[in-house]
1. For segment 15-56, name all the residues that are more than 16 Å from the ligand (Cβ to nearest atom) and hydroxyl-bearing (Ser, Thr, Tyr).
2. Working carefully through the options 4, 81, 54, find the one that is more than 21 Å from the chain's Cα centre (by Cα) and not aliphatic (A, V, I, L, M).
3. Pick from segment 63-113 the residues that are surrounded by fewer than 20 Cβ atoms within 10 Å (Cβ to Cβ) and small (Gly, Ala, Ser): which of them is nearest to residue 243 (Cα to Cα)?
4. Among (1) away from the ligand (no atom under 15 Å from the Cβ); (2) over 19 Å from the mean Cα position of the chain (by Cα); (3) of a type in the set (S, T, N, Q); (4) at pLDDT 95 or above, where does residue 135 come up short?
5. Could you tell me how many of the residues in segment 1-49 are among the hydrophobic types (A, V, I, L, M, F, W, C), assigned to a helix (DSSP H, G or I), in contact (Cβ under 8 Å) with a residue 40 or more places away in the chain and surrounded by fewer than 18 Cβ atoms within 10 Å (Cβ to Cβ)?
6. Give the residue, chosen from 253, 218, 204, that is more than 26 Å from residue 25 (Cβ to Cβ) and aliphatic (A, V, I, L, M).
7. What are the residues in segment 168-201 that are among the aliphatic types (A, V, I, L, M), in contact (Cβ under 8 Å) with a residue 24 or more places away in the chain and out of contact with any Gly (no Cβ under 6 Å at 6 or more places or on another chain), if any?
8. So residue 127 ticks every box in (1) more than 11 Å from the ligand (Cβ to nearest atom); (2) touching a helix residue (DSSP H, G or I) at 6+ places or on another chain (Cβ under 9 Å); (3) in a strand (DSSP E or B) but one. Which box is left unticked?
Amino acid sequence: MLEEKKVSEAIISRYFKDLQNSLELDVAIVGAGPSGMTAGYYLAREGFKVALFERKLSIGGGMWGGGMTFNYIVVQDAGKEVLDEIGIPTQKYIDGYYTADAVMATTTLASKACLAGLKVFNCMSVEDVMIREEQGKKKVCGLVVNYSPVEMAGLHVDPLVFETKFVIEATGHDTEVLKTMVRKNDLKLFTPSGEIEGEKSMWAEVAEENTLKNTQEAFPGIYVCGMAANACFGSYRMGPIFGGMLLSGVKVAKEIAERLKSE
Ligand code: 48F
C-alpha cells in the first residue's frame, strides 16, 4: 500500500532535520557554481560541517553552458589535475588545453561533493550576512537566507539565519553577498580601496592567474572565490576557461581548513 501522507512525512522530516542540523556550520558557501562546489567538495571531504545555499533550482552556475551554450569547458594543465582528482574525464585538445563535457563535469562535481558530505540547499537565496563585534573587531558570523520563491514573488516574509564560522562568497560576477554587506555596513574590505574593486573586461591569461591570487579573505569571516574573487579584488573576466575557478575552490577550502584546524 502506498500512502501519500507517508511520502510527505518522509520529505518533511528528512528536510527539516537537515535544515536544523545546519543552523551551526563550520562553513557556509553561497553559490553552486564551479568554485563554490569545488570548495564544498574539499571541505566536506575533510569532515567539516559545510552547507551550500544556491538561489536557483539547478546547481552548477555557469558551468553547464560551456561557451555560448556550446557545452564543453576548457582547462589548462593545473585545472586538469583538479578534474583528474575529482574523477571528471578530460580530453587533450592541444598541448596545455584540455576539454571536458560541461554536463559531465557539472554533474560529477556535484555528485562527488554531495557524496563527500556537502549539504546543498537549492532554491535558497542569501540576502544578507550577520556581523558581530568582539573586542572592537567586526566579523561575519552568519548568513541570512530566504526561500527563493519568496524573493521572486517579492513577498514580505522575514528570512532565517544560519550561524557559521566562515562564509565563502561564491556568487560569481555579481558578488551579491559582499555588495549587500558593503552597502549596509560602515566597513572596509581587505581590498586596495576598501570597497569592491569591480570586474574588468576579458583577459583570460591574466584573469586565470589573478583568480587564484584574489581568492582570499575579503573581510574577517568571509572569503571570496571564483569570479567573485576577481570582482572583489578587481581583475579581468576569462570566459569559458574553468581551471581558475576549480583551483580557486581548492585554495579557499585549504585556507579555511587550516584555520578551522588551528582555532
Ligand atoms: O557564476 P557561477 O558559476 O560562479 P563561479 O563559481 O564560476 C564562474 C563561471 O561559471 C563563469 C566564468 C568561468 O570562467 O567566468 O562565469 O565564480 O555561479 C554562481 C552561483 O551563485 C548563485 C547563482 O545562482 C549561481 O548558481 N547565486 C548568486 N547570488 C546568490 C546565489 C545569492 N544571493 N544566494 C544564493 N545563490
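1. The one that is more than 16 Å from the ligand (Cβ to nearest atom) and hydroxyl-bearing (Ser, Thr, Tyr): 15.
2. 4
3. Residue satisfying both the conditions and the ranking: 78.
4. Unmet condition: (4).
5. Summing the residues that are among the hydrophobic types (A, V, I, L, M, F, W, C), assigned to a helix (DSSP H, G or I), in contact (Cβ under 8 Å) with a residue 40 or more places away in the chain and surrounded by fewer than 18 Cβ atoms within 10 Å (Cβ to Cβ) in segment 1-49 gives 1.
6. Selected residue: 204, the only one of 253, 218, 204 that is more than 26 Å from residue 25 (Cβ to Cβ) and aliphatic (A, V, I, L, M).
7. 168, 177, 178, 181, 187, 189, 196
8. (1)
The values are calculated or read from the model by the stated rules, or taken from the named source; none is laboratory data. In this text the structure is predicted, and so the values were computed from the model without any measurement. All Cβ positions, even for glycine, are placed from backbone atoms using ideal geometry, and neighbour counts span all protein chains on display.
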